[in-house]
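The values are calculated or read from the model by the stated rules, or taken from the named source; none is laboratory data. Because the structure is a prediction, the values reported are computed rather than measured. When we count neighbours, we look across all protein chains shown, and the Cβ atoms used for this are built from the backbone with ideal geometry, even at glycine.
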Amino acid sequence: MKRTIVTEDCPFRNSTFFVPNDGESHPGIILLHGAEGGGSPFWKGSALMYAANGFATLAYCYFGRNDSLWGPRETLVNFDLEELDEALTWLKLSSFVKDQKVALAGASRGAELALLYASLTANEKIFTQPDCISVHCPSDETYGSWNLDWEDDRCWIKKEPQNPPRGSHPGPSSVWNEKCGLDPRKLPDHMKTAWKWKGQAIPANFRIPVENIEVPVFISHGLNDDVWSVEKTKKIEASMRSANKMPEVHYFEGEGHNLGRLAGGKRMESVLDFLSKNLI
């Protein structure tokens, strides 16, 4: 069925709300971007695809709201999980969803956020719960604060002879370009954590208690991911199964952090099937 998609107003900065233009209510999805931040257009394309398949989809920006192509970009630091609760509540109560079921979906840092939120709020009745979760290349533990400038060659006037591993910073002899904001090697302690919960910063390397999650979970991961190892998903799967939770897990042979066209198409088919079973 071919649908016309429109955007509707939402109260979240740099977020876009895509809905089928048929005057009816639909199950909802909150789609969370990754470490590239909300300034990237690619995740909004994915949100548009979900909307074309009948879901009222909020492409939710949790950092990088005013990012340009390069420096200074916004840092992911101490994002309060209660802000995501506000978005879930708003979507469920919107006239476009009207209390139908709502999913959380995300990839990479967005997957980390989705699992973290669902894990920590599972037994908290005052927080709005997603009805299911779909994540790609998640982590079993939290990472610290992040800014895409920290990996951008234009933000380093001089670099070490050997490029550092992904996710690390060049050595002390490298010169930071002040046009990109604060030197990441000089971050104060209060800027070293990505997430905040109940007024407290969640430290890096905090194990996400995924066994607490009570809703259906879909997970996918490329077996050749060199950004976040597939072992992270295997740990998540093992933790959930040990608690008698049965996530739907898909591994993609020969695929990396970002899936190729064919694998991406197969994943989308599986995700849409999962969402249809658990939201409609």
Those residues of segment 106-125 which are of a type outside the set (Ser, Thr, Tyr) and within 30 Å of residue 187 (Cα to Cα) amount to 106, 107, 109, 110, 111, 112, 113, 114, 115, 116, 118, 120
Per the filter on segment 2-49, residues hydroxyl-bearing (Ser, Thr, Tyr) and either touching a helix residue (DSSP H, G or I) at 6+ places or on another chain (Cβ under 8 Å) or farther than 19 Å from residue 132 by Cα (or both) are 4, 7, 15, 16, 40
Condition set more than 12 Å from residue 48 (Cα to Cα) and surrounded by 15 or more Cβ atoms within 10 Å (Cβ to Cβ), scope segment 1-22, selection nearest to the chain's Cα centre (by Cα): answer is 15
All conditions in (1) surrounded by fewer than 21 Cβ atoms within 10 Å (Cβ to Cβ); (2) under 27 Å from residue 190 (Cβ atoms) are true of residue 128 except (2)
Condition met for residue 94 (on the phi > 0 side of the Ramachandran plot and touching a Cys at 6+ places or on another chain (Cβ under 9 Å)): no
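Output the residue which, of all residues in segment 93-112 that are in a helix (DSSP H, G or I) and within 20 Å of residue 222 (Cβ to Cβ), is farthest from the chain's Cα centre (by Cα).
Going residue by residue through segment 93-112, those that are in a helix (DSSP H, G or I) are 93, 109-112.
Cutting the leftovers down to within 20 Å of residue 222 (Cβ to Cβ) gives us 109-112.
Working: 109: 5, 110: 1, 111: 4, 112: 6 Å.
If we take residues in segment 93-112 being in a helix (DSSP H, G or I) and within 20 Å of residue 222 (Cβ to Cβ), then 112 is farthest from the chain's Cα centre (by Cα).
Looking at the structure I just gave you, is residue 25 over 21 Å from residue 138 (Cα atoms), under 19 Å from the mean Cα position of the chain (by Cα) and of a type in the set (Ser, Thr, Tyr)? It would help to see each step written out before you state the result.
Working: over 21 Å from residue 138 (Cα atoms): yes; under 19 Å from the mean Cα position of the chain (by Cα): no; of a type in the set (Ser, Thr, Tyr): yes.
When the stated conditions are applied, residue 25 does not pass them.
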Restricting segment 217-241 to residues that are in contact with a helix residue (DSSP H, G or I) (Cβ under 7 Å, 6 or more places away or on another chain) and polar (S, T, N, Q), the one nearest to residue 272 (Cα to Cα) turns out to be 220
All conditions in (1) without any contact (Cβ under 8 Å) to a residue 12 or more places away in the chain; (2) touching an Asp or Glu at 6+ places or on another chain (Cβ under 8 Å); (3) among the acidic types (Asp, Glu) are true of residue 273 except (2)
If you go through 253, 178, the only one that is charged (D, E, K, R) and touching a helix residue (DSSP H, G or I) at 6+ places or on another chain (Cβ under 9 Å) is 253
- Can you find a residue in segment 105-120 that is over 30 Å from residue 174 (Cα atoms), free of Cβ contacts under 8 Å to residues at least 24 places away in the same chain and not basic (Lys, Arg)? no
Within segment 61-87, restricting to residues that are closer than 28 Å to residue 154 by Cα and surrounded by 21 or more Cβ atoms within 10 Å (Cβ to Cβ), the one that is modelled with the lowest pLDDT is 67
- Query: If you go through segment 79-90 one residue at a time, do you hit one that is among the acidic types (Asp, Glu) and touching a strand residue (DSSP E or B) at 6+ places or on another chain (Cβ under 6 Å)?
  - Reply: yes
Out of (1) loosely packed, with under 14 Cβ neighbours inside 10 Å; (2) among the small types (Gly, Ala, Ser); (3) touching a residue at least 24 places away in the same chain (Cβ under 8 Å), the one residue 256 does not meet is (1)
